[in-house]
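Remarks on the structure that follows.
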Amino acid sequence: MVKVLLNYRVHFVLLQLSSSLLTIKYRYMRKRFRIYNAVAVLLTVLFVLLCPAVAPATMFKPPDPGDKAPDFTLPSPSYGRYTLSDSWLKERHKVTLISFYSFACQPCIHELKFLQGLKARLEPGALNVVVVIVDPENSRALKKLEEHKINLPVVWDNLKIVSKRYGLNALLPTCYIIDGQGTFIKKYCGNTGATLAEIEKQVRALAGM
């Protein structure tokens, strides 16, 4: 009888000890889960803040006239990778013009032909025109540029990173004029005769012509 009671007490103590250990383990795992959850939330927030590719467009403030033009480095079929600031820092262009282009935008071709002609009419080094393709797929857009003999630096903005940074809306063509110090001057939308004439006037003034 004594032996039975002793075994019972031993089993009871072991059961209590096991229960206590499980409680401690549960609390530990719950605390660790909270820590992991907090870390996951923090990493997600940091990722969204630091990664322009996934950050919503509202997180970007488009440049105002007089602001430093947002720099970028994007893939390019001719250069491998093209950095915008090289236009005024290394190539010493007096004026840089960014033109956003899409395969479906026929007026964009008309504008690019005009800008290419304007570049040819000015003295060497006066104007650089960078074409930013915003289509998810590049080959059709690039082929169309080749068909129309557009021989300008081309970059691919498939993830719309640069488009968001510059506050590009759905209206194309849209171009941005930057001076020889990398300062954003003005944004132009559309390619009416009056708009193109205003662009040429602005470019010539900045180039000192």
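Per-structure values
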{"quantity": "Test: residue in the stretch 73-92 that is assigned by TED's automatic domain parsing to the domain that holds L196, surrounded by 15 or more Cβ atoms within 10 Å (Cβ to Cβ) and basic (K, R)", "calculated": "no"}
{"quantity": "Complete set of residues in the stretch 172-205 that are among the small types (G, A, S) and under 17 Å from D64 (Cα atoms)", "calculated": "G180, G182"}
{"quantity": "Of all residues in the stretch 155-209 being closer than 29 Å to S139 by Cα and of a type in the set (F, W, Y), the one that is surrounded by the fewest Cβ atoms within 10 Å (Cβ to Cβ)", "calculated": "Y188"}
{"quantity": "Selected residue (only one of I177, I161 is of a type in the set (A, V, I, L, M) and modelled with pLDDT of 95 or more)", "calculated": "I177"}
{"quantity": "Residues satisfying the stated conditions in the stretch 100-111, i.e. within 17 Å of L142 (Cβ to Cβ) and surrounded by fewer than 22 Cβ atoms within 10 Å (Cβ to Cβ)", "calculated": "S102, F103, A104, C105, Q106, I109"}
{"quantity": "Where a residue in the stretch 107-120 is in the same structural domain as K201 (by TED's automatic domain parsing) and its partner, wherever it lies, is β-branched (V, I, T), with Cβ under 6 Å and at least six apart", "calculated": "L112/I150; L115/V129; K119/V129"}
{"quantity": "Residue in the stretch 107-115 that is under 18 Å from the mean Cα position of the chain (by Cα) and farther than 28 Å from K61 by Cβ present", "calculated": "no"}
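The values are calculated or read from the model by the stated rules, or taken from the named source; none is laboratory data. Keep in mind the model is a prediction, meaning the values are calculated, not measured. A quick note on method: Cβ atoms are made from the backbone with ideal geometry, for glycine too, and the neighbour counts reach across all protein chains shown.
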